[in-house]
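Every number in this text was worked out from the coordinates using simple rules, so none of it is lab data. Since the structure is predicted, the reported quantities are computational estimates derived from the model, not experimental observations. Positions of Cβ are backbone-derived with ideal geometry, glycine not excepted, and every protein chain shown enters the neighbour counts.
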Amino acid sequence: MREAGRRAVVAGGGIIGTWHALELAEAGFSVDHLEAEAGPTGASVRNFGLVWVSGRRSGVELDVARRARRRWEEVGAVVPGIGFRPMTSLTVAGDTDARGVMEAFARHPDAPARSISFLEPDEVRACNPAVQGDIEGALHCTEDAAVEPRLALGALRAHLEAVHGARYRFRPRVRVAVAEPHALLDTTGTRWPGDVIVLATGAAYDQLPGSEAVASRLRRVRLQMLETAPYAATLTTSLADADSLRYYPAYESAPLDRLGDQTPVAAAHHLQLLLVQRPDGGLTIGDTHAYGEPFDFALSEDPTHELLDRARRILGTDLPPVRRRWEGVYAQCLDGDVCLREEIEPGVWLVTGPGGRGMTCSPAIAADTLQAAGVAGATI
């Protein structure tokens, strides 16, 4: 059943907001899509673009990730501009301790539940011939995928405009000041009414009056990343290293104590290696995590050097020059929930805090919001 004639307002031009706008428009709503800046510049365009099923916690989170991954692939077939690629992932063991931890996890029921298996070094190279370093094996997940974070938002908006015409309007430079029942007020005093309203605030979750209780359930996390010039070889998978096992809840059942201590730089910056190749050949490499505000205003070179060294060891070759570095800040639920979803006024839903799950889980997060709001047929 389509919600013909009904109006929706979505505030937030990132991936969470954009996917809510998509699902609302496809449910038949006319959608005003508000963005505070000229265009989205937050964590949604500063991430790896990984659709990362492998790292998700068992239960609700894993179910959300799997549903979202299916929706990414479905929309990717219609909107090729999002750059969906069903590339798998390799989490590489660089020493025997990491190999032992990965082998133990691969024997646990949590591994096949995520389509994860352990590969020997020669199997790793058959899976991704670009991996030419001295490795001890890897965990391989066949459900992981990738999209293009700097292209996906624009491609989805263009699709909405092409398919839904005047029923979808993207409205940049509209900053929300107040939420009231079934309406938002912006800083100019303009009122934006709607039957369903979604506030996808990202890291700006505490900037509305009365948001103190919600803000106490969230924190901001700062990360650092970089991108190289095009790399000569083609990477057929995304890559991670053993330190990533420490940061993804899927691996809580693994004997992580056998990994030993992190290096001083990795421990100081809560560092893990993630690496994915862009369609132009460049490598996006990261990342770090900082949890205590105020965050440093400057990028730190120590984790950059360590991440590049780790990537070189796995690939077994020099890397192209770094052509840009950046930071990003996202909102994360302190209780480990997939996201915070709360009706803060009648008909007004605040949806934020997915942390590093945002790019992966946004399609299912949006579908679940519509279902919570009573929109007919809003399930994936």
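Given the DSSP H assignment, sum -39500 (n - 2.57) over each helix run of at least 4 residues in the chain and divide by its residue total; what's the result at 222 nm in deg cm²/dmol, nearest 500? Numbers along the way, then the final one.
Working: 9 runs with 105 residues, N = 380.
Calculated at 222 nm, the ellipticity per residue is -8500 deg cm²/dmol.
Taken over region 191-311, the convex hull of the Cα atoms encloses 217 Å³ per residue. Here is the P(r) of region 291-380: all C-alpha pair distances, binned every 5 Å from 0, give 3, 10, 15, 14, 13, 12, 11, 8, 7, 5, 2, 0 in whole percents. Taking the longest Cα principal axis of the chain as reference, the axis of helix 149-164 is set at about 30 degrees. Given all pairs of different Cα atoms, what value in angstroms does the Kirkwood hydrodynamic radius of region 286-326 take? Computed over region 286-326, the radius equals 11.9 Å. Using only side-chain charges placed at the Cβ, +1 for Lys and Arg and -1 for Asp and Glu, the dipole size of region 55-103 relative to its Cα centre rounds to 300 debye.
When ranked by the protection proxy of mean other Cβ atoms within 10 Å per residue, highest first, what sequence do the peptides 227-235, 191-199, 346-354 form? Show your work: numbers first, answer last.
On the way: 227-235: 15.3, 191-199: 21.6, 346-354: 23.2.
The densest-packed peptide leads the list: 346-354, 191-199, 227-235.
In region 340-380, the C-alpha radius of gyration followed by the widest Cα-Cα span (Dmax) gives 10.5, 29 angstrom.
Between region 67-139 and region 219-278, the alpha-carbon centres lie 13 Å apart.
Over all other residues within a Cβ to Cβ distance under 11 Å of Ser117, the charged ones net out to -1, with Lys and Arg as +1 and Asp and Glu as -1.
Taking every DSSP beta bridge that has both ends in the chain, the antiparallel portion is near 70%.
Only alpha carbons enter this Debye calculation for region 123-202, each as an equal point scatterer, and the log10 of I(q)/I(0) it gives at q = 0.16, 0.19, 0.23 Å⁻¹ is -0.80, -1.00, -1.20.
Arrange the peptides 253-260, 12-19 so that the one whose residues have, on average, the most other Cβ atoms within 10 Å appears first. Write out the running numbers ahead of the final one.
Numbers: 253-260: 14.2, 12-19: 28.4.
Descending packing order for the listed peptides: 12-19, 253-260.
Net charge dipole, the chain: roughly 1100 debye, given to the nearest 20, about the Cα centre with Cβ charges of +1 for Lys and Arg and -1 for Asp and Glu.
The listed peptides 41-53, 87-99, 108-120, ordered by packing as a protection proxy, come out as 41-53, 87-99, 108-120 (highest mean of other Cβ atoms within 10 Å first). If you bin all the Cα-Cα distances of the chain at 10 Å, starting from zero, the percentages per bin are 5, 24, 33, 23, 11, 3, 0.
Placing unit charges on the Cβ atoms of the charged side chains and taking the dipole of the chain about its Cα centre, the candidate lying farthest along the positive direction among Gln277, Val124, Leu223 is Gln277.
Count neighbours as other Cβ atoms within 10 Å of each site's Cβ, and list the GluC sites (Glu not before Pro) in region 11-62 that are DSSP loop with at most 13 such neighbours. Taking region 11-62 and a limit of 13 other Cβ atoms within 10 Å, the loop GluC sites (Glu not before Pro) found are Glu37.
Does region 1-94 classify as rounded, prolate or oblate by the C-alpha gyration tensor (a ≥ b ≥ c root eigenvalues; a/c under 1.5 gives rounded; else a/b over b/c gives prolate, otherwise oblate)? Each step should come with its number before you reach the end.
Values: a/c = 2.14, a/b = 1.62, b/c = 1.32.
It comes out prolate by the Cα gyration axes.
Taking θ as phi - 60° and the Karplus parameters 6.51, -1.76 and 1.60, the scalar couplings of region 194-205 work out to x, 6, 10, 10, 10, 9, 9, 7, x, 6, 8, 6 Hz in sequence order, x denoting glycine and proline. Each other residue within a Cβ distance under 14 Å of Arg312 adds +1 if Lys or Arg and -1 if Asp or Glu, for a net charge of -3. Taking one quarter of the surface of the C-alpha convex hull of region 48-194 gives a mean projected area of 12.5 nm².
Given that compact globular proteins tend to follow 2.2 N^0.38 Å, what is the ratio of the alpha-carbon Rg of region 127-258 to that value?
Numbers: Rg = 21.9 Å, N = 132, 2.2 N^0.38 = 14.1 Å.
Relative to the 2.2 N^0.38 Å estimate, region 127-258 comes out at 1.56.
Within 13 Å, Cβ to Cβ, of Gly355, how many net charges do the neighbouring residues add up to if Lys/Arg are +1 and Asp/Glu are -1?
On the way: positive: Arg56, Arg57, Arg217, Arg219, Arg220, Arg222, Arg357; negative: Glu61, Asp287, Asp335, Asp337.
Here the count lands on +3.
I need Leu370, Leu62 ordered by Cβ neighbour count within 10 Å, fewest first.
Leu62, Leu370
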